[in-house]
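S.K.: Handing you a structure now.
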Amino acid sequence: MRAPILLIALLVAASGCSKQPEKAAPPSTFALPPRLDSYFEQYCDYTGGLGIGFVATHTYDYRFRQHLKKTHDPELKRLFVLQHLNRDVEWALDHFEKGIVRTGKSSARPLTLLEWEDTQKKIQAQIDDLATYYAFTNFATTNRDPFDPPDPKLDSTWIEEFREKLRSITNAPAANQGAAANRRPDGQADGSGNLSATVAGDRAFPAAVADLLP
């Protein structure tokens, strides 16, 4: 009776020793959406107001981003870029609506017509990139979070809000000034179509006021 049991034990031990350890599968290759890596590196390397080494929050935030920069996880990259690019588009739309370009933390100047057109194209490209990154969910986590339930329609809603706001910005000061200048006849700085009528009106105004005086 002992012989068969001993034989079985030997066979089990032999099979266990002969089993080779499984090798981890090599990471699959994949193509990230255009400019995602560029945005990711840009946001990781951002130095802000150069408070690194002097301000604790700036210092540790920068150190965190430098470590994050080493990741190859596409979902981490996607989420990090979405966070910062959404913020950048919001700020860009706000400045564009005011018709200004920032020249410092507390200074700005009006956009020229050419800058206005270039800014419009740049914001449009950023919104298009956001739409691409929202849809790039091949490697996205799907944990059921009660505070953040999956809702694909929410992403498209945010994108459409950005697009609608960009389309609505048609009264930027620089654009209005350029359009008004194009409509003015030569030699009339005020844009009037009848110079003699303008002069007559200017002369009539003092006389009308004089009639009202006692």
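S.K.: Only residues that are part of a helix (DSSP H, G or I) and among the polar types (S, T, N, Q): list them for the stretch 112-136, please.
M.R.: Listed by number, the residues that qualify are Thr119, Gln120, Gln124, Gln126, Thr132.
S.K.: Let me ask another. How do the helices (runs of 4 or more DSSP H) wholly within the stretch 1-76 filter down when requiring 1 or more residues that are surrounded by 10 or more Cβ atoms within 10 Å (Cβ to Cβ) and either at pLDDT 65 or above or on the phi > 0 side of the Ramachandran plot (or both): which remain?
M.R.: Output list reads 36-44, 56-68.
S.K.: Pick from Ala140, Ala125: which is out of contact with any strand residue (DSSP E or B) (no Cβ under 7 Å at 6 or more places or on another chain), surrounded by fewer than 14 Cβ atoms within 10 Å (Cβ to Cβ), at pLDDT 80 or above and closer than 21 Å to Phe80 by Cα?
M.R.: Ala125
S.K.: Among the residues of the stretch 150-173, is there at least one that is part of a loop (DSSP other than H, G, I, E, B), modelled with pLDDT of 85 or more, surrounded by 10 or more Cβ atoms within 10 Å (Cβ to Cβ) and out of contact with any Ser or Thr (no Cβ under 9 Å at 6 or more places or on another chain)?
M.R.: Yes, there is a match, as at least one residue in the stretch 150-173 is part of a loop (DSSP other than H, G, I, E, B), modelled with pLDDT of 85 or more, surrounded by 10 or more Cβ atoms within 10 Å (Cβ to Cβ) and out of contact with any Ser or Thr (no Cβ under 9 Å at 6 or more places or on another chain).
The values are calculated or read from the model by the stated rules, or taken from the named source; none is laboratory data. Please read all numbers here as calculations on a predicted model, not as lab measurements. Neighbour counts are summed over all protein chains in view; Cβ atoms, including those assigned to glycine, are modelled from backbone coordinates with ideal geometry.
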